[in-house]
Amino acid sequence: MRSGFVAVVGRPNVGKSTLVNALVGAKVAITSPRPQTTRNTVRGVLTTAGAQLVFVDTPGLHRPRTALGERLNRLVAGTLAEADAVVFVLDATQRIGPGDRRIAARLAEAGTAAVVVAVNKVDAVGREAVAAQLAEAAEWDFAAYVPLSALRAENLEPLVDEVVARLPEGPAYFPPGTVTDQPEEFLIAELIREKLLARLREELPHSLAVVVEGVEEQPGGVVRVEARLVVERESQKGMVIGKGGMLLREAGAEARAEIEALLGARVFLELRVRVEKDWQRRPGLITRLGM
């Protein structure tokens, strides 16, 4: 059997989380058009007849402007150092840019893992554009190049085959049927954040953190979930709550539905908003918020 950890890297918004979800066949990472949606390394497990791949979804590599941004880049670097293989995701709808080239150079310099390039979002462009990007990326001389659509789950098998061929022989890390090792509290917090990200704009998505403070089963089988929504300024608190509390109610209702599916039980979801001034620039507070 072949097994190993596979780092999934790329610029923000190239579809890394969507790809990991498609590969493992379950939602283990939230998705959003907002840059830097992923703030932790999220593991998704795919077990086949002869291999087990542990995909590690990472934050998008970027030029950091805050302590949080610096920490996210360090997370990626640590993941790469321990990976058995790397999937480097490019966006077929955009030209290869300086950010992609910086990542390619970092991977080439590290030289610690086989790199398979996944050209994502090919469903949104023509064949000529895909071919041009593949030809340009081929200059990096990585192990393999696979065009695919994570959104439509198309052409994923060739990617898996290319990665498996480069993994070492070893035992399975997780029992069959496992799709992630993330704790329930983490998954719940991410689902809540995803629903809020879909409704917030400007700088606020980057200023929002979600911490689950309690998950308790109550009489009658209802699970009570208490979560704290953290923002950086008092003005942002009102934006998260919305006029008459509408935004928070709508996001909470959508999150509760997915949490109920996750837990297999009815859920009472209590959300509270708290201000922690400039938390993105305070390393100690970033740690306490679970990042």
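Structure above, values below:
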item: Whole-number accessible area per residue in Å² for the chain, which is evaluated in the context of all protein chains at 1.4 Å; result: 46 Å²
item: Range of Cα positions in the range 164-281 per principal axis (Å), largest first; result: 55, 42, 21
item: 20 Å Cα-Cα reach of Lys121 towards aspartates and glutamates, excluding residues that sit fewer than 8 places from it in its own chain; result: Asp57, Asp91, Asp100, Glu136, Glu154, Glu157, Asp161, Glu162
item: Net charge dipole size for the chain [Lys, Arg +1 and Asp, Glu -1 on Cβ; Debye, nearest 20]; result: 1100 debye
item: Semi-axes of the equivalent ellipsoid for the chain, Cα gyration tensor, largest first, Å; result: 33, 22, 18
item: Rounded percent of accessible protein surface that carbon and sulfur make up, the chain, 1.4 Å probe; result: 50 percent
item: Mean Cβ count within 10 Å, highest first, over the residues of peptides 172-181, 99-108; result: 99-108, 172-181
item: Cα pair distances exceeding 18 angstrom across the range 139-212, given as percent; result: 68 percent
item: Considering only the range 102-241, percent of DSSP beta bridges that pair antiparallel, nearest 5; result: 70 percent
item: The range 195-269 - share of DSSP beta bridges that are antiparallel (%, nearest 5); result: 75 percent
item: Amide proton proximity set for Glu154, modelled H, under 5 Å, gap of 5+; result: Ser149
item: Prolate/oblate/rounded label for the range 241-291 (Cα gyration tensor, a/c 1.5); result: oblate
item: Contact order normalised by residue count of the chain, Cα under 8 Å, 6+ apart, percent; result: 18 percent
item: Cα-based reach from Lys277 at 18 Å (exclusive), listing lysines while leaving out same-chain residues under 8 positions away; result: Lys237
item: Spatially proximal lysines relative to Lys243 (Cα-Cα < 22 Å; intrachain offsets below 8 disregarded); result: Lys195
item: Size of the range 205-256 as Cα extents on the principal axes (Å, biggest first); result: 38, 21, 15
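The values are calculated or read from the model by the stated rules, or taken from the named source; none is laboratory data. The structure displayed is predicted, hence computed values, not measured ones. Note that each Cβ is placed from the backbone with ideal geometry, even for glycine, and that neighbours are counted across all protein chains shown. Each accessible area value is taken on the protein alone, full model and side chains, heavy atoms only, with ligands, DNA and RNA left out. Shrake-Rupley method; radii C 1.70, N 1.55, O 1.52, S 1.80 Å.
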